[in-house]
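I have placed the structure first, in the form of structure tokens, so that the comments after it can refer back to it.
The values are calculated or read from the model by the stated rules, or taken from the named source; none is laboratory data. These numbers come from a predicted model, not from an experiment. No Cβ is skipped: glycine too gets one built from the backbone with ideal geometry, and neighbour counts run over all protein chains shown. Areas reflect the complete protein model, heavy atoms only, side chains present, ligands, DNA and RNA absent. Shrake-Rupley method; radii C 1.70, N 1.55, O 1.52, S 1.80 Å.
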Amino acid sequence: MSDTIKNQAATQPSQTTQPSSFADIYNASINNPEQFWAEQAKRIYWHKEPEQILDDSNLPFAKWYVGGETNLCYNCVDRHIPDRAEQDAFVWLSSEINQELIQTFPAVVDAFKDLGNNVEFYTDYTKRRLTYNDLYKEVNYFADVLQRHGIEKGDRVIIYMPMILEAAYAMLACARIGAVHSVVFGGFAAHNLAIRMDDAEAKMVITVDSGLRGGKVINYKNLVDKGVEQANVKPEHVLVVNRGILPYEPKDKDIDYASQRRISCDANAVVEPVWLESNEPSYLLYTSGTTGTPKGVQRDTGGHAVALTTSMDYIYDGKAGETFWAISDIGWAVGHSYTIYAPLLAGMTSVMYEGLPHRPNPGIWWRIVEANKVNILFTAPTGVRMLKKQDETWMTRYDVSSVKSFFLAGEPLDESTANWLTKHLNVPILDHYWQTESGWPILSNTPKFNDKPHKKGSPGFPMYGYDAQVIHEDTGEPCAAGEKGLLAIRAPLPPGCLTTVWRNDKRFIDSYFSLTDSNQYSTSDYAVVDEDGYFHILGRTDDVINVAGHRIGTQEIEEAISTHPEMAECAVVGIQDELKGELPIAFCVLKDHEQVTTTENRFRIEQQVIGAVVKSLGGIARPAAIYFPQALPKTRSGKILRRAIRALAEGKETGDMSTLDNPVAIDAIKQSMKDY
Ligand code: PRX
């Protein structure tokens, strides 16, 4: 064990400093940010205490905990060894690795042995449990392998992996040695990989032989090889975690992880954490901007650790020893923050799931919840909507009484989805809002405090540290209650938010701080605050349509349409119209598509949909056409690809479709327009 492990069990600020109301927390954070964040900093271990809590001398670039030295991996792993070495850090479940798959690819079983075993096989899923002690060992082996292959502090490492434990080790191992990881979502193609390899100038890529999705084998290694071929800046090594699924032809650059792990394991390798100055980068996460090239959102180290640990207490009300399940992919911000880092920082058990919500059957989520006594759930509404379409008894047959709250984010939570969950779970269903850029919630409900109870239909109110306001886009003046405007946040952004765009400070300013008031961060989302101070998100500024001079959020129309009892989900896009500028077009997926096979029924539903929109938003928002596809094109994280739908509706090419998860939906959209 590392001799640097101090007797630093995960602590919360002392009871006397635990505030009783959220208003107290919020006001303290805004009125006296330095004192507030100095107090929160006590939640983590500092190798060297910060000299200055906030340096705001060069806004909008803010520096938190200047001069402080810490290590993210140490705080996630080592720090828990004295108190919770035998507690599970991760429970990994894969419904992709089932008996059928093992029969087809028997080498999978041996591959687990080579990777440390601790595996339980069931007919329809596979499980691995990993205590904090196991995690400590595995992360040290992984870090040792990285170091033995030349990875040092500051080097960039691309992680292109599915939802497997080795991906978590890889992230934590990078953090341990001060390397900057950049996880690339497994659904991205070779071209996207090459762009990121070039921008990050990655020294290494970590990947697997293959990923699995709905029983389909995806050749990750092949995609990485193609990415390396296309990249201008070639990584020195490709580290391959062989899962025993697809055999591959090793290339010169390739390193086999299992055999390297064996060397580190035999040597009982322990890698001392590299202490980073708080503002040194922990990771890059690329996200799309308005131009074609993705932005490398850069996260700091100390602020990130403090922000996530604090959020686990004040926002999620998660306690050490409890189980947290963020159903997301590590390729997205939610996966980074709430599948990997935050639960570990807080000494919780994190569930990591490789699989779909409805496979082997739509009860899988609830079965996992029951078997692992999950306390807090977090996902995007899209997964829930998928389950909502299925037989309800899939949920009621499992004991889900361990769950105390269910958080949703990433897209609007429509009322019927929220109601469906409420009906079955009987716990607070909490919408909350944030972005890749923020890394943790900007707006949320706070079940821990009852001075501002959760309000249905709203993602809540600004979280501590966020001086968030709805402002007039043109003048920057604050909007009155009920008035729609841009959601903006006054600099400095709190700890944990992006510190810049990787090697592109100008792009950071241009993308986020180019409003009239250059100290206001633009979220690019429209919002409105109601009389009680609750915020409501009205959609991206870039998804807004303009009908005859009236700005309408396509999301507002979608909300109205979603109230139709037969609606599973819908997307509204604006298409060009000579007379009115743009017109809204609705693509509606019904719970039962058969409903629209008769003209009579179709007409009835169309009229009802129009009626619902007109009733809620007025005639101006009336959809010019309503189509009934059987599916909507989406990214794997569940974002509806409205731009693609709009292009199809206008008879144009869809453009870059690398993030598309369900190609059949493209044909479904085309077909629905033919049916009309
Ligand atoms: O438009 C907002 C929408 O998702 C965007 C951020 O997406 P991403 O960077 O992928 O980060 C997701 C992290 C949860 C926002 O600009 N969005 C996020 N949460 C909500 C939301 N829209 C409506 N309601 C939400 N709760």
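See the values below:
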read-out	value
Radius of gyration and Dmax over the Cα atoms of the chain, both given in Å	24.4, 75
Long-range amide H partners of residue 283 with built H, under 5 Å	299
Rounded, prolate or oblate (a/c below 1.5 giving rounded, otherwise prolate when a/b exceeds b/c) for the stretch 530-676 by Cα gyration tensor	rounded
Sites residue 620 and residue 100 - FRET efficiency at Förster radius 56 Å, r taken between beta-carbons, to 0.05	0.60
Calculated from backbone phi, Karplus (6.51, -1.76, 1.60) coupling profile of the stretch 657-667 in Hz, x at Gly/Pro	10, 5, 8, 5, 9, 10, x, 4, 5, 5, 5
Protection-proxy order for peptides 452-458, 188-194, each taking the mean of Cβ atoms within 10 Å per residue, highest first	188-194, 452-458
³J(HN,Hα) computed for each position of the stretch 627-641 - Karplus, 6.51 cos²θ - 1.76 cosθ + 1.60, integer Hz, glycine/proline x	10, 10, x, 8, 7, 10, x, 9, 7, 5, 7, x, 6, 6, 7
Three-way shape label, the stretch 149-279, alpha-carbon gyration tensor, a/c 1.5	oblate
For the stretch 377-488, the fraction of alpha-carbon pairs in successive 5 Å shells from zero, as %	2, 11, 18, 21, 18, 13, 8, 5, 3, 1, 0
Separation between Cα centres of the stretch 347-422 and the stretch 470-491, rounded to whole Å	35 Å
Per residue accessible area in Å² of the stretch 287-347, where ligands, DNA and RNA are left out and the probe is 1.4 Å	17 Å²
Rounded if a/c under 1.5, otherwise prolate or oblate - the stretch 35-81, Cα gyration tensor axes	prolate
Cβ crowding within 10 Å averaged over residues, with 203-213, 553-563 ranked highest first	203-213, 553-563
Length added when fully stretched, residue 118-residue 386, from 0.36 nm per residue minus Cα-Cα	93.3 nm
Residue 435 long-range amide H proximity, modeled H, under 5 Å	440, 442
Whole-Hz ³J(HN,Hα) from phi, Karplus 6.51 cos²θ - 1.76 cosθ + 1.60, for the stretch 152-160, glycine and proline x	10, 3, x, 5, 9, 10, 8, 10, 10
Of all accessible heavy-atom area on the chain, the percent that carbon and sulfur account for (1.4 Å)	48 percent
Potential extension, residue 653-residue 232 segment - 0.36 nm per residue separation minus Cα distance	148.7 nm
Efficiency of FRET from Cβ geometry, residue 110 and residue 38, R₀ 41 Å, rounded to 0.05	0.20
For residue 569, distant residues with modelled amide H under 5 Å away	589
Peptide ranges 48-58, 401-411, 643-653 listed from the most packed, as the mean C-beta count within 10 angstrom indicates	401-411, 643-653, 48-58
